[in-house]
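Take a look at the structure set out below.
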Amino acid sequence: MPDSPPDGVDLIRYMEYRDGSVDRVAGTVIEERPVCIFVNGRELATLLCTPRDLEELAIGFAFSEGIIERFEDIEVMTVSAGLTCVDLWLRDRDFEPSNRRIITSGCGGGVTFDDAETLLARYEPLDSGMKIAPSQISRLMREVLRSADLYNTARGVHTSALSDGDSLVLTAQDIGRHNTIDRLAGRALREGVSTDGAILLTSGRISSEMLAKAARMRVPVAISRTSPTSLSVELAAAWNVTLIGYARGATFRVYSAPERIDFESG
């Protein structure tokens with residue numbers, strides 16, 4: 001067990017039963033903390049998350065919810081000493097908290113403010129002529145899994161990444177699937193990385209709110225190692241997003257917009 005684990009990982013001792021014997025074992029677990037996001041002094045949401053790099057999480061969540069359009073919309077940003085709150089003060093933008101919240105399907109209790117009907121009308125279909133080969137999908141997913149240092153240390157986290165088709169441009173890890181997408185959006189805004197036309201890859205299930213976050217970034221291809229949901233498939237078709245699930249080894253399933261897959265190239 002490492003003497004000094006990475007941020008977001010705790011050292012613990014636990015009882016392990018194996019083959020009829022019980023031992024005291026030193027090991028690691030992923031950290032989980034509630035973090036409150038305030039905008040202009042008003043509470044936006046409380047997220048259960050991995051308590052590291054909280055600024056990128058807050059920026060991305062505010063972007064996903066349409067509160068900001070670019071990083072420059074934030075005038076002041078502070079993180080509390082105990083890593084429990086992030087305060088965003090906007091530049092020349094008002095903020096009125098929504099009275100309606102929808103607790104999302106993700107472990108860690110993601111939050112969104114749109115229902116299904118509102119989501120469908122939220123974005124226009126993406127017009128992208130990009131192509132991706134099956135071999136790219138397999139290779140990029142392998143790179144995502146190799147990049148998951150927190151998972152390799154303590155398990156218990158999801159990993160997501162944005163790719164330009166050749167390599168991974170940004171990666172993010174968190175206990176919450178939704179949080180990883182917000183982290184990607186926040187880091188991209190902060191670093192000036194364009195997400196328009198990028199490929200999203202994630203280790204977790206792609207649900208409707210996950211797909212909405214991807215569409216907000218104008219990502220035309222979303223790839224998961226596991227399953228989508230019925231509503232995410234419906235939204236992907238409406239927004240012309242190529243939704244791919246069960247990308248494992250040399251196999252995957254395409255649920256929408258298959259014309260972006262260059263099957264002939266192998």
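All of the numbers you see were taken from the coordinates with simple rules; none came from a lab. Note that the structure is a prediction, hence the values are computed from the model and not measured. Heads up, the Cβs are rebuilt from the backbone with ideal geometry, glycines too, and the neighbour counts pull from every protein chain shown.
What nm value, rounded to one decimal, do you get for the distance between Lys131 and Asn40 when each label is placed 7 Å out toward the C-beta?
4.8 nm
With the crude spin-label approximation of a point 7 Å out along Cα→Cβ, what separation in nm comes out for Thr78 versus Ser230?
Going from the Thr78 label point to the Ser230 one covers 4.8 nm.
Which shape class applies to the stretch 134-265: rounded if a/c is under 1.5, otherwise prolate when a/b exceeds b/c and oblate if not, where a ≥ b ≥ c are the square roots of the Cα gyration tensor eigenvalues?
Numbers: a/c = 1.34, a/b = 1.20, b/c = 1.12.
Rounded, because the longest to shortest axis ratio a/c is under 1.5.
Of Ala250, Ser232, Gly156, which is farthest on the positive side of the dipole of the stretch 134-265, counting Cα position, with +1 on Lys and Arg Cβ, -1 on Asp and Glu Cβ, and the Cα centre as origin?
Toward the positive end, the furthest listed residue is Gly156.
Let me know the shape class of the stretch 53-103, please: from the alpha-carbon gyration tensor, a ≥ b ≥ c as square roots of the eigenvalues, rounded when a/c is under 1.5, otherwise prolate if a/b is greater than b/c, or oblate.
On the way: a/c = 1.64, a/b = 1.13, b/c = 1.45.
Oblate, because a/c is 1.5 or more while a/b does not exceed b/c.
Which residues' amide hydrogens lie under 5 Å from the amide hydrogen of Ser227, considering only partners 5 or more residues apart or on another chain, with H built in the peptide plane?
Answer set, sorted by chain and number: Ile206, Tyr246.
Which of rounded, prolate, oblate describes the stretch 116-205, given a ≥ b ≥ c as roots of the alpha-carbon gyration tensor eigenvalues and a/c under 1.5 marking rounded, otherwise prolate only if a/b is larger than b/c?
Judged from the Cα gyration tensor, the stretch 116-205 comes out oblate (a/c at least 1.5, b/c at or above a/b).
How high is the FRET efficiency from Ile12 to Leu168, r the C-beta distance, R0 45 Å, rounded to 0.05? Before the final figure, lay out the partial values.
Details: r = 31 Å, r/R0 = 0.68.
It comes out at approximately 0.90.
Given H placed 1.01 Å from N in the peptide plane, which residues other than close sequence neighbours of Cys49 have an amide H under 5 Å from its amide H?
Arg33, Val35
Sorted from largest down, give the three principal axis spans of the alpha carbons of the chain, whole angstrom values.
That works out to 55, 50, 31 Å along the principal axes.
Per DSSP H run of at least 4 residues, take -39500 (n - 2.57); add these up for the chain, divide by its residues and hand me the 222 nm value, nearest 500 deg cm²/dmol. If you can, show how the numbers build up before the last one.
Working: 7 runs with 69 residues, N = 266.
It lands at -7500 deg cm²/dmol.
Sorted from largest to smallest, which semi-axis lengths in Å does the alpha carbon gyration tensor of the stretch 189-266 give for its equivalent ellipsoid, taking the root of 5 times each eigenvalue? Before the final figure, lay out each step's value.
Values: eigenvalues 72, 45, 32 Å².
Each semi-axis is the square root of five times an eigenvalue, giving 19, 15, 13 Å.
Just to check, using Stokes-Einstein with a Kirkwood Rh over alpha carbon pairs, what's the diffusion coefficient of the stretch 23-63 at 4 °C and 1.567 mPa s in µm²/s? Each step should come with its number before you reach the end.
Values: Rh = 11.9 Å.
The diffusion coefficient I find is 109 µm²/s.
Place a point 7 Å from the Cα of Thr251 along the Cα-to-Cβ direction; which residues of the stretch 137-154 have their backbone N under 20 Å from it?
137-143, 145
Quick check: residue separation of Trp89 and Arg146 times 0.36 nm, minus the Cα distance between them. What number comes out in nm?
On the way: separation 57, 0.36 × 57 = 20.52 nm, distance 3.67 nm.
That works out to 16.8 nm of additional length.
Taking amide H positions as placed 1.01 Å from N in the peptide plane, with prolines and chain starts having none, which residues 5 or more places from Asn240, or on another chain, fall under 5 Å of its amide H?
Under 5 Å from the amide H of Asn240: Leu126.
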